[in-house]
Amino acid sequence: MSDILVTGGSGQLGTELRALSWPDGIRVLAPARDALDLSDPSSVERWLAANTVAAIVNAGAYTAVDKAESDAKTAWLVNAVAPAILAAHARSAGVPIIHVSTDYVFGGDKSTPYVEDDPVAPLGVYGASKEGGEQAVRTSGARHAIVRTSWVVSPHGANFIKTMLRLGRERPALRVVDDQRGAPTAAFDLARAAQTILMRLIADPSAPGGTYHFSNSGETSWFGFAQHIFDSAAQAGGPNPSLSPITTADYPTPARRPANSRLDLSKIRRDFGIAPPDWRPATEAIVRRLLGAE
């Protein structure tokens, strides 16, 4: 039996990774926070010393973008220090590691989708700490794949779809930012992509690694995303408030957001044959599940 460590096992991606069907002989270990706390370096080191794993998927992260501005220490411990420890262990144990990162490492001022080797320019603590984690993994010497993603949603945890549905029940009208563009990512599609990459890395020592981008295909704004959420909800008997587009300046937040979060998906298609599905059907499936329509 080969064990795979999945950090953040109760989060959106971790939940979907645990739910996947894995090949015979593979067991997913997703320790609870009291056993492996990414904000406590000694906790991470103790767990790794006490367990033998064949691979690591670092799906855990500090993702409270605005809170990170006032809690930088915890953000850096979780998003940069913990990945460094995990990657160092992967290097010494000779096992691969997948590290999940974010579009927020970019500044958002590019007019086209970001490719993997574009310069990073994080706008806040969250993005900077995630870039710190990337650098730690990249320079560790471990066989690795860094997978940047964007706008992750699922039936689990806190995310934009769940927030919109809640607000749609509470209010007759909503105002949603329309000048930030990107692509939603269904956590179940991201989990399948991570599994595909991981199994290649385990089976083939010469398999490509490095940095990759994954989201669902297509693009939209937060306003366009909200429109599709409520169009889908209305078909399932859910809320359907009126929506108005606003600018980022109309909705100030402690942390700045990139105006362009679009990620170029060519490399992951080329190296791993992964063809990300369109964001709209994935959104519809999540909405139906949350509304109990399937």
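Points to keep in mind about this one:
- Matching entry among Ala191, Ala136 (being surrounded by 23 or more Cβ atoms within 10 Å (Cβ to Cβ) and touching a helix residue (DSSP H, G or I) at 6+ places or on another chain (Cβ under 6 Å)): Ala191
- Candidate set from segment 77-105 (those that are assigned to a helix (DSSP H, G or I) and touching a Leu at 6+ places or on another chain (Cβ under 8 Å)); member that is nearest to Ala61 (Cα to Cα): Val78
- Any chance Leu190 is hydrophobic (A, V, I, L, M, F, W, C) and farther than 20 Å from Gly157 by Cα: no
- Within segment 207-218, the set of residues being surrounded by fewer than 19 Cβ atoms within 10 Å (Cβ to Cβ) and farther than 19 Å from Arg138 by Cβ comprises Ser217, Gly218.
- Of all residues in segment 159-195, those being of a type in the set (S, T, N, Q), more than 30 Å from Arg27 (Cβ to Cβ) and in contact (Cβ under 8 Å) with a residue 12 or more places away in the chain number 1.
- Near pairs, Cβ below 8 angstrom, 6+ apart or cross-chain, from segment 247-266 (of a type in the set (Asp, Glu)) to any residue that is assigned to a loop (DSSP other than H, G, I, E, B): Asp264/Thr112; Asp264/Pro113; Asp264/Val115; Asp264/Glu116
- Out of Thr52, Thr74, sole residue that is at pLDDT 95 or above, farther than 28 Å from Thr196 by Cβ and polar (S, T, N, Q): Thr74
- Scanning segment 152-177 for residues that are of a type in the set (Gly, Ala, Ser) and within 25 Å of Ser101 (Cβ to Cβ), we see that the one that is surrounded by the most Cβ atoms within 10 Å (Cβ to Cβ) is Ser154.
- Only listed residue being of a type in the set (A, V, I, L, M, F, W, C), closer than 25 Å to Pro155 by Cα and touching a strand residue (DSSP E or B) at 6+ places or on another chain (Cβ under 6 Å), chosen from Ala275, Ala282: Ala282
- Helices (runs of 4 or more DSSP H) wholly inside segment 200-294 containing at least 1 residues that are among the charged types (D, E, K, R) and either within 17 Å of Ser150 (Cβ to Cβ) or in contact with a Gly (Cβ under 6 Å, 6 or more places away or on another chain) (or both): 266-272, 279-290
- Considering residues of segment 97-127 that are touching a residue at least 24 places away in the same chain (Cβ under 8 Å) and of a type in the set (A, V, I, L, M) only, the residue surrounded by the fewest Cβ atoms within 10 Å (Cβ to Cβ): Val115
Here is a yes/no grid of residues against (1) under 22 Å from Ile202 (Cβ atoms); (2) at pLDDT below 95; (3) surrounded by fewer than 23 Cβ atoms within 10 Å (Cβ to Cβ):
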| position | (1), (2), (3) |
| --- | --- |
| Val6 | yes, no, no |
| Gly11 | no, no, no |
| Ser39 | no, no, yes |
| Val65 | no, no, yes |
| Pro83 | yes, no, no |
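- Screening Ala236 against (1) modelled with pLDDT under 95; (2) aliphatic (A, V, I, L, M); (3) crowded, with 20+ Cβ neighbours inside 10 Å leaves a single unmet condition, (3).
- Any hit, segment 50-57, residues being in a strand (DSSP E or B), surrounded by 15 or more Cβ atoms within 10 Å (Cβ to Cβ) and β-branched (Val, Ile, Thr): yes
- Total residues in segment 4-48 satisfying the condition of being in a loop (DSSP other than H, G, I, E, B), in contact with a helix residue (DSSP H, G or I) (Cβ under 8 Å, 6 or more places away or on another chain) and within 13 Å of Val78 (Cα to Cα): the figure is 6.
- Applying a threshold of 8 Å to beta carbon distances and a minimum spacing of six or more residues, or different chains, the list of pairs starting in segment 136-148 at a residue that is closer than 18 Å to Arg200 by Cβ and ending at one that is among the small types (Gly, Ala, Ser) and modelled with pLDDT under 95 reads Arg143/Gly209; His144/Gly209; Ala145/Gly209.
- Note on segment 120-160: residues that are polar (S, T, N, Q) and either over 13 Å from the mean Cα position of the chain (by Cα) or not in a loop (DSSP other than H, G, I, E, B) (or both) amount to 5.
The values are calculated or read from the model by the stated rules, or taken from the named source; none is laboratory data. Computed from a prediction, not measured in an experiment: that's the story for all the values here. All Cβ positions, glycine included, derive from the backbone under ideal geometry; neighbour counts span all protein chains shown.
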